[in-house]
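All of the numbers you see were taken from the coordinates with simple rules; none came from a lab. Only a predicted model underlies this, so the values are computations on that prediction, with no experimental measurement involved. Here the Cβ positions follow ideal geometry from the backbone for every residue, glycine too, while neighbour counts run over all protein chains shown.
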Amino acid sequence: AMFAGVLAVPTQLTFAQEAAPAPAPAAAAQQDKPELTAPEEQKSEKKDEESNEAFLKSPMVVKIGHALGMQPDTAATAFQVLNFAILAIAVLYGLMKSLPKAFRNRSATIGKQINEARSATEAANARMSAVEARLAKLDGEISALKSQAAADAAAEEARMKAQLEDEKNKIVTAAEQEIAAASAHAQRAIKEYAAELAISQAAQKLQVSAETDRLLIRDFAERLGGKGGQN
């Protein structure tokens, strides 16, 4: 019964203490009301003090203080301290009950964020590795393309040289054939011209005039006549 009275008294004391300062919402609501005059404020403060004094000197506080061997003022102070301790314990209990859950939730959230960050880092590293591999492969492909281009250029150069050599040989062969044909034709023309010239000169040598022909015939006749007289 005494413990119940102790709990009841701090509760009443708390209400009495909380009744003196107006709560924030009540104060905010009273801002719209007309301000009290100085005598009215003094009257209100005096009323609160009388209420607090009446509580401190209430029969219950005096009875519990007497049972505990305390003066009324000391008992009221003890009840205030006990009230504060009970409130502090209640607050600490609430915090101890809610904080671990909040910490667990926060830890779970942080762990999730760490896992997500780790996954994002691994994904970024994987993408970076893929890009580096592709770049390395690209360097190899570029080197292969350069080598292939150089080989193709060398092969094309060799093919063009061979083609030019073949064309040159064909041109030389055709020129030699044309020269040989022209030489043969010229030789034939020269031979024909020489034959014609020889025949012409021979014909010119064989040609005699009528007088020469008469003299030749007379000479021949005289020779024949001379031979006949000798016989």
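The stretch between ALA186 and SER98, if pulled fully straight at 0.36 nm per residue, gains 19.0 nm over its current Cα-Cα span.
Gain on full extension, evaluated as 0.36 nm per residue between MET60 and ALA150 minus their Cα-Cα distance, stands at 21.3 nm.
Distance between the pseudo-spin-label points of ALA136 and ILE86 (7 Å out from Cα toward the beta carbon): 7.5 nm.
Distance between the pseudo-spin-label points of ALA117 and TYR193 (7 Å out from Cα toward the beta carbon): 10.9 nm.
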